[in-house]
Amino acid sequence: MKQAIMSLYYNQKITPVIILDEVQMMSNSILEELRLLFNFKMDSENPFILILSGQSQIRNKLQLAVNAPLKQRIAVKYVMQGLKPEELSDYIFTRLKSAGLHENIFTQAAIEAIYSASKGVPRLVNSLATSSLMYACSIKQKHVDEEIVYQGQKDFDI
């Protein structure tokens with residue numbers, strides 16, 4: 001892998017971007033291997049960009065002493081926050097619009113219930129909105145209100 005990265009960087013003038021997702025699932029030994037695998041001339045050059053992505057447990061894992069050398073090599077850290085309550089309505093409407101629906105079928109009370117249950121975490125918002133839509137469809141309701149959100153949450157184990 002090092003040879004391929006070096007070839008891209010030096011010969012083709014391309015900086016490869018490597019993205020690893022669900023890093024919180026990696027064992028400490030794999031994280032150590034990752035550090036060794038990508039141990040280039042980090043002090044003088046950056047021949048690639050490595051993005052470690054996953055859930056918040058990554059921070060806990062990187063706090064362990066065994067992972068200190070890897071943590072020291074991380075140049076930029078970003079923690080994605082959940083959506084704010086005032087952003088949720090637009091977010092859901094945009095998702096509906098991209099699916100071909102051009103009217104907002106979620107009431108304001110439903111939006112507030114979704115935020116209350118999800119704290120604005122996009123994955124949870126999506127799951128709860130989907131389960132609410134499925135529940136609304138099953139009872140032949142055109143609009144999603146607060147009660148449908150609660151029932152959708154309960155019936156679909158969100």
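The values are calculated or read from the model by the stated rules, or taken from the named source; none is laboratory data. The model shown is predicted, which means the values in this text are computed figures rather than measured ones. Cβ coordinates were reconstructed from backbone atoms using ideal geometry, including for glycine residues, and neighbour counts include every protein chain displayed. Areas reflect the complete protein model, heavy atoms only, side chains present, ligands, DNA and RNA absent. Shrake-Rupley method; radii C 1.70, N 1.55, O 1.52, S 1.80 Å.
A few comments on the model shown:
- Between K13, K119, K84, the GNM of the chain built on Cα springs shorter than 10 angstrom shows K13 fluctuating the most.
- Taking a straight Cα-Cα cut-off under 16 Å and skipping sequence neighbours fewer than 8 places away in the same chain, the lysines within cross-link reach of K13 are K2.
- Positive dipole terminus of region 8-82, leading residue within V17, L34, N67 (C-beta point charges): N67
- For region 96-158, with +1 on Lys and Arg beta carbons and -1 on Asp and Glu, the positive-most of A99, I139, Q153 along the dipole: A99
- The residues of the chain have, on average, 66 Å² of accessible surface per residue, using a 1.4 Å probe with all protein chains present.
- Relative contact order, percent, the chain [alpha-carbon distance under 8 Å, six or more residues apart]: 17
- Given charges at beta-carbon only (K, R positive; D, E negative), |dipole| of the chain in Debye: 620
- Accessible-area composition of region 38-158, carbon plus sulfur, in percent [1.4 Å probe]: 53
- Using equal-weight Cα scatterers in the Debye expression, the normalised intensity of the chain in log10 at q = 0.10, 0.16 Å⁻¹ is -0.57, -0.87.
- Each Lys and Arg Cβ is given +1 and each Asp and Glu Cβ -1; about its Cα centre, region 30-81 then shows a dipole of about 200 debye.
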